[in-house]
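The values are calculated or read from the model by the stated rules, or taken from the named source; none is laboratory data. Values in this document were obtained by computation on a predicted structure and should not be read as measured data. Methodologically, a virtual Cβ is constructed for each residue, glycine included, from the backbone with ideal geometry; neighbour enumeration extends over all protein chains shown. Calculation scope for accessible area: heavy atoms of the full protein, side chains included, ligands and nucleic acids excluded. Shrake-Rupley method; radii C 1.70, N 1.55, O 1.52, S 1.80 Å.
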Amino acid sequence: MALTLACAGPTGSASTPAPSATPVAATASENVSPTPVPISDPYARGATIVRMATRMSPEPLWDLPLSARAPRPYVGAYELPNQPPGGSLNHGALPSIAYVLNGIVRWTTTSGTAIDVNTGEARATPTEGFVETNPGTTTSVWYAFVVYTLSSRSLLTNGVQREIAASTMLPVPQPAGRYTLRLDMVTVEAGGRTAAVAHAGAAVVVVLEGEIELRQPQNKHDYLAPGKGLAVQPGGAMQVFDRGPATAKVLEFFYTPDSKPFETPLTTPLN
């Protein structure tokens, strides 16, 4: 399924140079010292999960015939250009789910439908082109969790303030059939953890509050602060630990074939 994705330069907002053309996994903040969490337990404790938004695709996104020049799929998280009150930005159709961190984001589609998304809310972006405006009195900030190709990414990053996380290329060909894009809010109490699970689809993790350890197989430990994120390939296992003195809040985005189980709990710990 080839979906158009493009962003024009923002009106009344600053931008920073676009990142390099090849996606790389985001790393932990340099300000966070990697102090391991002294727990090896695959079961959850003090963690709650709330589904924020979903969208369906009748087939794999960017599922094109294999060739040397065919676009390949990636997943990532991007902070879209911040808009001051009255700011405006034109978008193409984004195969994504959005989360608003601050202010109000209004999408007006090419067919004339107006959609408002408020602070702390998530919603699938329109399936047609739209104009983003800020009808509020404070600067609006939102994250886009998106499935994309390198060519569409170069359009997406035209004026984007920040790339939060980007995967390496997803395995192709992708499993046939319908796909679900899903965004969850995970809240982990101080000293708590999520269950260790393997996900059938690709995942992107972004920290909103607190400090976490994202643990993966083969002794892979990433330490993430607010505004940082990481992508996990399909079939990858992971577990989130709260490693700070306060509650952590994390957004988890998934791009999963409906033909496979969403997740498989692990019975042995990720060390």
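Screening the candidates L181, L208 for the property of being open to solvent by less than 10 Å² (accessible area, probe 1.4 Å) and at pLDDT 95 or above yields one hit, L181. I'm told V117 meets every condition in (1) out of contact with any Pro (no Cβ under 8 Å at 6 or more places or on another chain); (2) open to solvent by 40 Å² or more (accessible area, probe 1.4 Å); (3) not aromatic (F, W, Y) except one. Can you identify the failing condition by its number? The single condition V117 does not satisfy is (2). Scanning the range 211-225 for residues that are among the charged types (D, E, K, R), open to solvent by 10 Å² or more (accessible area, probe 1.4 Å) and closer than 22 Å to M169 by Cα yields K220, D222.
Let's see how each residue does on (1) of a type in the set (A, V, I, L, M); (2) assigned to a strand (DSSP E or B); (3) farther than 19 Å from E263 by Cβ:
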position: V186; (1), (2), (3): yes, yes, no
position: E189; (1), (2), (3): no, yes, yes
position: A195; (1), (2), (3): yes, no, no
position: A198; (1), (2), (3): yes, yes, no
position: V205; (1), (2), (3): yes, yes, no
position: R215; (1), (2), (3): no, yes, no
position: Q218; (1), (2), (3): no, no, yes
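Quick one: in the range 89-114, of everything that is among the aliphatic types (A, V, I, L, M) and part of a strand (DSSP E or B), which residue is surrounded by the most Cβ atoms within 10 Å (Cβ to Cβ)? Once the filter is applied, the top-ranked residue is V105. Of all residues in the range 226-271, those satisfying the criterion of being in contact with a Pro (Cβ under 8 Å, 6 or more places away or on another chain), open to solvent by less than 60 Å² (accessible area, probe 1.4 Å) and at pLDDT below 95 are P269, L270.
Report yes if some residue within the range 43-54 is at pLDDT 95 or above, over 25 Å from P257 (Cβ atoms) and under 19 Å from the mean Cα position of the chain (by Cα); otherwise report no. Within the range 43-54, one or more residues are at pLDDT 95 or above, over 25 Å from P257 (Cβ atoms) and under 19 Å from the mean Cα position of the chain (by Cα).
Is the range 187-207 home to any residue that is among the β-branched types (V, I, T) and without any contact (Cβ under 8 Å) to a residue 60 or more places away in the chain?
So the first thing to find is which residues in the range 187-207 are among the β-branched types (V, I, T), and the list is 187-188, 194, 197, 204-207.
Then drop every residue that is not without any contact (Cβ under 8 Å) to a residue 60 or more places away in the chain, which leaves 205, 207.
The answer is yes, given that some residue of the range 187-207 is among the β-branched types (V, I, T) and without any contact (Cβ under 8 Å) to a residue 60 or more places away in the chain.
List the pairs whose first member sits in the range 137-149 and is of a type in the set (F, W, Y), whose second member is assigned to a loop (DSSP other than H, G, I, E, B) and at pLDDT below 95, and whose Cβ atoms are under 8 Å apart, counting only residues at least 6 apart or on separate chains? From the range 137-149, the pairs are W142/L80; Y143/L80; Y148/L5; Y148/W62; Y148/P73; Y148/P95.
No other residue among E132, E163 is in a strand (DSSP E or B) and over 15 Å from the mean Cα position of the chain (by Cα) apart from E132.
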